[in-house]
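First the structure, in the form of structure tokens, and then the observations on it.
Read-outs throughout are calculated quantities, based only on the coordinates presented, and are distinct from any laboratory measurement. Keep in mind it's a predicted model, so treat the numbers as computed, not measured. With ideal geometry, Cβ positions are generated from the backbone for all residues, glycine too; neighbour counts draw on all protein chains shown.
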Amino acid sequence: MYTEALNTYSLLIRNGQQYPQASRLRVNMGNIYAEQKKYLLAVKMYRMTLQEIPTAGKEIRMKITRNIGNAFIRIGQYRDAVSSYEVVMDGSPDIISGFNLLLCYYALGDVEKLKRTFARLLQIKGVGTEEDEEDKPEKDVLVDDALHKEIKERRRQYLRFVTTGARLIAPKIDRDWRVGYDWVIEQLRQHELRDSSANLAAEVEMCKALNYLKYKKYKEAIDGLKAFEKKDKPLRARAATNLAYLYFLEDDLDSGEKYSDMSIEFDRYNAKALVNKGNFLFKKEEFDKARTCFNEALAVEADNVEAMYNLGLTTKALGLYDESLRMFRRLQSLVESVEVLYQIADLNSRMGDSNTIDWYTRLIGRVPTDPGALASLGKLFARERDQSQAYHYFLESYRYYQVNMDVISWLGAYFVQNEVYDKALQFFERASQIEPTDKKWQLMTASCYRRRGEYAQAKRLYEDIHRRYPDDLESLTFLVAICKDAGLIEESNNWLRESRKLEQKIAEQKSMSPEQLLAQQENDGGDEDGFRRDDEVVRNRGAGPTARQQDRSPTEPKNSFNKSNSMKDDKKKVAKADSDNEDDIALPGT
């Protein structure tokens, strides 16, 4: 349609003798070119129109000149745009041209002209001032005609442009951003002497207080907001809302809740204040009350993103997974958020939905390097018995985050199950570095050496474990087996005697009352956790493979190396305590 319109306008302009004002149609042609993003052609049409319009048509000339400036801004030619806007501001200043001129100087980084342009912006008289109201005759306050609505809208637009311009230039007009804010506030106070209803200085003062948050200066931000307690009621309510949020960040729940109650008292229909109140109730684990606050916030502001997200978390904490899922899906239709995708995937996982893998796949498509999402997807594939896919995602998770013990445990167990002990060693040694006080990882490392046939290294590790944990029966059991297998009969008998003494000690511990056990541990310096683990080892020695697999943790393969050596030489046998454990290691998460 644009092409047909341009052809028609061109035909009318060529027949200019029949249509005396046809040259002004170039303005429409310029507008079409601007809509098509052909800004240079639009500028050409506008300038040709200016040549045809007499100087008496000042108003239309200023509008066309402003369009030329707008076109230059679109193509990034800010200096040419400045020339056009300066003409408009000298001839017939308006708030839109002044604000655009301010943006051009901001883009060019000219601080002095930024100050001058902002001062000129404040000189523009906005509609709807107190002087305009005094000049009007009294009218029925219940009557709100179209003209009055238009005046109010222009007044809001004027104040919005001035406030935005002030917030834009304040941090830039001086090296110390506080000095810049002080200069802008002083200019606005002088403006309020002429227009007391503007109330712009207080608005920028609040922005200055909040700007401290960028530099993590919470005390200065709080002091600045507390100064509004003596201001007008609307300003007090806004300051209380911001103070509540600041105290929430500092985990000062009592002070924050006090200010959230204050802001709700000032304005019962303040959605942000209701969200703050709900946040404090959530932190106090009063989920039912928090749910009520978030619902009230949504009743006031139906598209409040914070209220929807927090309500989803609250219903999730209450176990109302269906309601939580509906809320997050509603939120997903409004915003594209990785956090929302994760919550939907997690809720589907908790509910056992068959689409859980699809949701986690979409999540990884958005954040392909997130180790938590990769690990979760690995667990899902492990649950589905798809070991190849589970291995892929667990390995990717480990690549981006190498201290997740669940991932390390699964990968180590996976390689043990597939008899790739070299790879398993890497993960168990890594686990030993992360948790050096947990003997489980050292036992697994020693077992990998034993399965590879490196009995000398395995023996050294078991001896080291025994020195550090003398009450560990598992290391003694394997030392007996390794020494006997290597023909070290005397040393094997020594370890066997120690093993029997420890078994007798554990049996005595089982027959003692809790008070006697505690007293003996205090006298002997024993380790309760060590006795508990030894008790588990003794209890499991006679258990079959199925019983012991059921006792294992889903994320930690406990006693996973109480197995016979994976040797191909049938002549070498280990002790019976070791040969009883012939079951394969169970992968965590399966």
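A few comments on the model shown:
- Overall, segment 409-505 carries a charge dipole of about 60 debye about its Cα centre when +1 sits on the Cβ of Lys and Arg and -1 on the Cβ of Asp and Glu, all other atoms neutral.
- Computed extension length for residue 111-residue 460: 118.3 nm, one decimal, from 0.36 nm per residue of separation with the Cα-Cα distance subtracted.
- Among 298-305, 240-247, sorting by the average number of other beta carbon atoms lying within 10 angstrom of each residue, highest first, gives 240-247, 298-305.
- Pairs over the 29 Å Cα-Cα cut-off, from the set 38/115; 152/219; 214/258; 216/283; 233/289: 38/115; 152/219.
- Full-extension gain in nm, residue 199 to residue 31, via 0.36 nm per residue minus C-alpha separation: 56.7 nm
- For segment 73-82, backbone phi angles converted through the Karplus equation (6.51, -1.76, 1.60; θ = phi - 60°) give residue-by-residue couplings of 4, 4, 9, x, 8, 5, 5, 5, 5, 4 Hz, Gly and Pro being listed as x.
- Between residue 174 and residue 74, the simple spin-label model (points 7 angstrom out along Cα→Cβ) gives 3.9 nm.
- A simple spin-label model places pseudo-atoms 7 Å from Cα toward Cβ; at residue 384 and residue 292 they are separated by 4.4 nm.
- Around the Cα centre of segment 232-378, unit charges on the Cβ atoms of Lys, Arg, Asp and Glu (plus for the first two, minus for the last two) sum to a dipole of about 220 debye.
- Summed side-chain charge close to residue 381 - residues other than residue 381 whose Cβ falls under 14 Å, Lys, Arg +1, Asp, Glu -1: -1
- Cβ-derived FRET efficiency at R0 45 Å, residue 167 paired with residue 318, nearest 0.05: 0.65
- The gain in end-to-end length when the residue 2 to residue 336 segment is fully stretched comes to 116.8 nm, 0.36 nm per residue minus the alpha carbon separation.
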